[in-house]
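> Questions regarding the structure given below will be posed in turn.
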Amino acid sequence: MIDKLDVAYSAIGAALSDDEIRDLLKKSSGMNLSDITSANDSPKKKIEKVIDYLKHRGNQRWLLTRVLLHAAAEKTERAKKTRETIVKAFPETLVRLPKADNLVMSALGYLQKLLNPLPTNFRFKLLPSRRDFARMPQGVFALFAYKSLQESFLKLLFTLNASEALLANPLDDLAPDLKSLANQMDQAVDQAPTALALLGAGARPENADLVRLTELAASLRAAADTPEDAANTIYDIRRLVRKNLARLNSDIIKAVQELSFDALTDELPSRLEEMQDRKEFRELVQAIRDVTATILARALKSKMWQDAEKEMSLISEYFSLQDDAAGIADEWLSVRARIDWLAELEPDEGWAAEARKYAIEIDEELFQEKKLDDNVRLHFEAYRSWFRGPFLKIDDTTKLDFGSLRQLGDQFKKILNELGR
């Protein structure tokens, strides 16, 4: 019988260099690789020792979540297998994740005991760390801002997809509500400044795209009674929305990977030993590392569902580009396998059975008829419509967790303000 742990250790050891192992371990746990492993250990042995060390303390998720994110950056079959191998051996990395809210509440409770109000002697000793403390709320607020912008564009994309499908294949009793779509675009533009304000003065300007979105909303209203003009306008809107989603996806992954509370957990001045020796401080560090791992995992899951959505959008283009099934088969099987795996990560939702049900209908039409006809298209649109439900639930849960994390950012900002007195 194959040992799942042994396979996982080998896969991780082959995927990471010594420097990468060292950096990921330090970021995730504050620990030094040299304190756990020997220089003569093989990569696999180093991984085994490190994970075993963390596992006995219930903390292996801290490191493994970062390893999963590292693998996600590499779009190769080996990286995909590495992710699947890790989750198979350590399902807690992505299956039944804890809610961030409970972890944040614990962290806030310990912060209250330790630093609220900030003791006068602590304030003096923390002053040299003020700049490092400032990075903590900045990172949290930026992450929430990117997620808020992404949510608006993502919901807009789903409305665009549905409208585009109805324009391309009109139904007698159902037409796209283009004026409602234009209103949704205006709402996204109106909400954007609030999110952008959280990014601070150094934020990347988004005004040009927001102005363009407003212009396209006006064009859509003008073309509401002309299907051909409306279809062309929706195509332009979709390009703009997808461009912004791709950029925001990158922003979020970068932001979660750079999310750091080291100023509090690892880099406090040595003269604050009396605080670091308290049980509440150790519990605070545990809670913060737990919530960080959860936020990283949520971001990764959201990214993987978005990658699957992009693959499905490419498959949908086959229905207008060719009239046989040969070109779509490989792409369909690939995206189906990806979504099946993602659905299995949510065993309490029943999505895996639903995904198989809709997919089998496509398989039967696609591989028996060997052509792209209306039956295949309708089954594919039904599958795509089903997919939106799980995807939006994943995205909503991610935003809730990011929102919970923002409470920590507010507390860090309060401490920072006290240091400024």
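> Within the set of other residues whose C-beta is less than 15 Å from the C-beta of Asp348, count the net charge using Lys and Arg as +1 and Asp and Glu as -1.
Once positives and negatives cancel, what remains is -1.
> Counting only complete DSSP H runs, which helices of the chain cover 30 Å or more along their long axis at the Cα atoms and score a mean Kyte-Doolittle of -0.5 or above?
Helices meeting the span and hydropathy rule in the chain are 130-168, 178-198, 279-321.
> Further, regarding this structure: Quick check on my link table: of Lys44/Lys393; Lys99/Lys279; Lys80/Lys399; Lys81/Lys357; Lys44/Lys399, which ones sit more than 27 Å apart, alpha carbon to alpha carbon?
Listed pairs above 27 Å: Lys44/Lys393; Lys44/Lys399.
> Cα-based Rg (one decimal) and Dmax (whole number) for the chain, in Å?
24.3, 78
> Another question about this same structure. Please give every one of the lysines within straight-line cross-link reach of Lys179, meaning a C-alpha to C-alpha distance under 21 Å, and leave out same-chain neighbours fewer than 8 residues apart.
Within the straight-line limit of under 21 Å, Lys179 reaches these lysines: Lys155.
> Which shape class applies to region 1-60: rounded if a/c is under 1.5, otherwise prolate when a/b exceeds b/c and oblate if not, where a ≥ b ≥ c are the square roots of the Cα gyration tensor eigenvalues?
Because a/c hits 1.5 or more and a/b fails to exceed b/c, region 1-60 counts as oblate.
> I'd like to know which of Leu196, Leu392, Ala218 lies farthest towards the positive end of the charge dipole of the chain, counting +1 on Cβ of Lys and Arg and -1 on Cβ of Asp and Glu.
Of the candidates, Leu196 comes out farthest on the positive side.
> Can you figure out the FRET efficiency of Asp132 with Lys26, using R₀ = 25 Å and their beta-carbon distance, to the nearest 0.05?
0.95
> Which value in deg cm²/dmol, rounded to the nearest 500, describes the helix-derived mean residue ellipticity at 222 nm for the chain, given -39,500 (n - 2.57) per DSSP H run of n ≥ 4 and division by the residue count? All intermediate terms of the calculation are to be shown ahead of the outcome.
Values: 17 runs with 329 residues, N = 421.
Computed mean residue ellipticity for the chain: -27000 deg cm²/dmol.
> In addition: Given labels modelled 7 Å from the Cα in the Cβ direction, how far is it in nm from Lys49 to Glu283?
Result: 3.4 nm between the two label points.
> Place the peptides 297-307, 258-268 in order of packing, highest mean first, counting for every residue the other Cβ atoms within 10 Å and averaging per peptide.
Highest-to-lowest ranking by the protection proxy: 297-307, 258-268.
> Which of the trypsin sites (Lys or Arg not before Pro) across region 2-60 are loop residues per DSSP, with 11 or fewer other Cβ within 10 Å?
Loop-located and lightly packed - Arg57.
> Region 339-372 to region 1-61: how many Å between their Cα centroids?
With region 339-372 and region 1-61 each reduced to a Cα centre, they are spaced 36 Å.
> Have a look at Leu94, Phe367, Gln60 and report the one farthest towards the positive end of the charge dipole of the chain, computed about the Cα centre with Cβ charges (Lys/Arg +1, Asp/Glu -1).
Gln60
Bear in mind these aren't lab numbers, they're just calculated from the coordinates by the rules spelled out. Just so it is clear, the model here is predicted, and its values are computed rather than measured. Note: ideal-geometry Cβ built from the backbone for every residue, glycine included; neighbour counts use all protein chains shown.
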